[in-house]
Amino acid sequence: MHMPADPVAAESKFLSMYMSNGHPETLIAYAKWYGKVKDGISNAEMMAIDSKSMTLTCTLESGSKKEVRVALNPPLSGYDQVTPRLLEMKAISQEGLGMIEVPKITTFRLLGVPKSNSIAVTVGITFFAAFTWYTFLAPINSTSPFFLPANIVRSYLGLRAVELGMGFIVHCHFLESLYTSSHREREESTFVSRFGSTALSEER
């Protein structure tokens, strides 16, 4: 039975030359993180790559050579997966080795709100949202003291006003989800550009 050719192995020479000449520091990270090489590495070259693994030759700081096989798990299903997989492996290995620092969110501030008032406004919005949920979900005409504030608010504003408030909150959450999704896509695009290996997908 004829086995289909490995699409990644077919481009092994080009990929090996590109990575060896342009990204030796990435290959060193692969060897250290995925290949578990503990010795100091001064240089690394990619000798071959296919859909299941890559073979690296590392020049150790002692001057000796060491061949390292790095598995691609799960295997690549096509050549178009080479770029995103190598970028992912680069990020994971360099982060794991402490070669890059992952940005961390340490503060939160609402846009357009002075820093001194940001916490108060955030607490106010949170309270408004929580109380609206509470008023909307509270049983109508309940005699429980716990739901007394909700019944008082509904008696003054009317159930329709509470429903509109609930709709406003749901709408805001929907817009927030869209913004978060678009922001994540922009960050991923920036990430790919930063570690720039778009040439991996170019034809020779």
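Summary table below
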| item | result |
| --- | --- |
| Sequence of H171, H23 once ranked by neighbouring C-beta atoms within 10 Å, starting from the fewest | H171, H23 |
| Given K52/K90; K36/K90; K13/K38, the pairs whose alpha carbons are separated by over 19 Å | K13/K38 |
| Net length gained if the chain between F14 and F146 were fully extended (0.36 nm per residue, minus Cα distance) | 40.4 nm |
| Spatial extent of the range 1-70: Rg and Dmax, with the Cα atoms as the point set, Å | 13.0, 47 |
| Calculated FRET value between K52 and Y179, using beta carbons and R₀ = 35 Å, to 0.05 | 0.30 |
| FRET efficiency for D39 and A5, using Cβ-Cβ distance with R0 set to 45 Å, rounded to 0.05 | 0.80 |
| Length released on extending from L60 to F128, taking residue separation times 0.36 nm less the Cα-Cα span | 18.3 nm |
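The numbers here are math on the coordinates, done by the rules we state, and not lab data. All values reported here derive from a predicted model rather than from experimental measurement. Cβ sites come from the backbone with ideal geometry, for glycine too, and all protein chains shown count toward neighbours.
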